[in-house]
Amino acid sequence: MRQQLSDPPRSDAAPILPDVGAAGRLWSIFDAEPLVRPPARPPGFRVLAPLAVGGQGSSWLAEREVDGVMVAIKFAVFATNVPPERLWSEIELLSRNRLSCVARLAGHGIADGHPWIATEYVDGEPLDAWAARHDRAAVVAMLAQVADALAVLHAAGLIHRDMKPANVVVDNADRPILIDLGLGASIDSALDRTIDGLPAGSPAFMSPEQARGERSAIGPASDIWSLGATAFLLLAGEPPHASAGSVAAQVARAGTEPPRRARSIAPNL
């Protein structure tokens, strides 16, 4: 379930969870995750528990102190003290977002030298986890909903550029919500957030033009390719290209080799 984000009220309010099930899921996060300290404490938010921690940064469940609204706060890790332009790109795109299919911006800033972005917390599960609990017909129907969400994003003049199961959260009303616009861009933007010759995206779901680093060729069709790769994985059980070898080898295959036939992996499709 999604709590509707709005400007925080001026008076304090007690935290409100949308339902008992949501409260239980939040407490399960507290119980399941090891106690890890967030890299910083953004003003106006109380960080509660880690959602995901990796080499590129970390995401945390947090509460907006003024009204108790739950949000997800992302801290990014950079090689230098200067955040890359893609972070500011995500903030720019989210600040203009009024789409129901995209997690909305709740705040951003720099705390103790750590840039952070807060978006509405979607109480649900990643698309692949959701798909693992449902039959093929339900998965196909959900993929059609994701395609509709992408169409809304594209109609608003935006492209995602990192479509994959982990970047789609299915909420408790079985609605897909797109998250993580860190590689996103305006369709008509002259300023890209990557450099020609460098791939952008996740290897298993990259379109050929993304894998080859051809930024001028990346557009809505690239997102559709990545959605097709997502469907391939969810229905056939493996990505379109073999995932063996180094990341560089996977990117090379995505950019130069045709995808495998789904029935060569799952004959019953």
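The values are calculated or read from the model by the stated rules, or taken from the named source; none is laboratory data. A quick note: this is a predicted structure, and the numbers were derived from the prediction, not measured. Note that we place each Cβ from the backbone using ideal geometry, even for glycine, and neighbour counts take in every protein chain shown.
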>> Go through (1) modelled with pLDDT under 65; (2) crowded, with 19+ Cβ neighbours inside 10 Å for Pro15 and report which single condition fails.
In response: (2)
>> If the requirement is being farther than 22 Å from Pro208 by Cβ, in contact with a helix residue (DSSP H, G or I) (Cβ under 8 Å, 6 or more places away or on another chain) and modelled with pLDDT under 90, which of these qualifies: Ile187, Ile179, Ile159?
In response: Ile179
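Within the bounds of the range 77-86, is there any residue that is modelled with pLDDT under 85, closer than 23 Å to Ala149 by Cα and out of contact with any strand residue (DSSP E or B) (no Cβ under 6 Å at 6 or more places or on another chain)?
Looking through the range 77-86, at least one residue is modelled with pLDDT under 85, closer than 23 Å to Ala149 by Cα and out of contact with any strand residue (DSSP E or B) (no Cβ under 6 Å at 6 or more places or on another chain).
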> Could we say that Val66 is within 14 Å of the chain's Cα centre (by Cα) and either among the aliphatic types (A, V, I, L, M) or modelled with pLDDT under 80 (or both) here?
Replying inline: no
>> Between a residue in the range 254-266 that is farther than 16 Å from Ala244 by Cβ and any residue that is aromatic (Phe, Trp, Tyr) and surrounded by 12 or more Cβ atoms within 10 Å (Cβ to Cβ), which pairs come within a Cβ distance under 6 Å, given they are 6 or more apart or on different chains?
In response: Ala262/Phe232
> In the range 202-239, what count of residues is obtained for those that are outside any helix (DSSP H, G or I) and within 23 Å of Ile179 (Cβ to Cβ)?
Replying inline: 6
>> Looking at the structure I just gave you, is Ala131 under 30 Å from Pro208 (Cβ atoms) and aliphatic (A, V, I, L, M)?
In response: yes
> Of all the residues that make up the range 240-251, how many are of a type in the set (Val, Ile, Thr) and either assigned to a loop (DSSP other than H, G, I, E, B) or closer than 18 Å to Val168 by Cα (or both)?
Replying inline: 0
>> On the basis of being farther than 17 Å from Leu61 by Cα and modelled with pLDDT of 90 or more, does Val169 make the cut?
In response: no
> How many residues does the range 105-124 hold that are touching a strand residue (DSSP E or B) at 6+ places or on another chain (Cβ under 6 Å) and surrounded by fewer than 17 Cβ atoms within 10 Å (Cβ to Cβ)?
Replying inline: 0
>> Being under 20 Å from the mean Cα position of the chain (by Cα), at pLDDT below 80 and under 30 Å from Asn268 (Cβ atoms) is true for just one of Ser226, Ser202. Which residue is that?
In response: Ser202
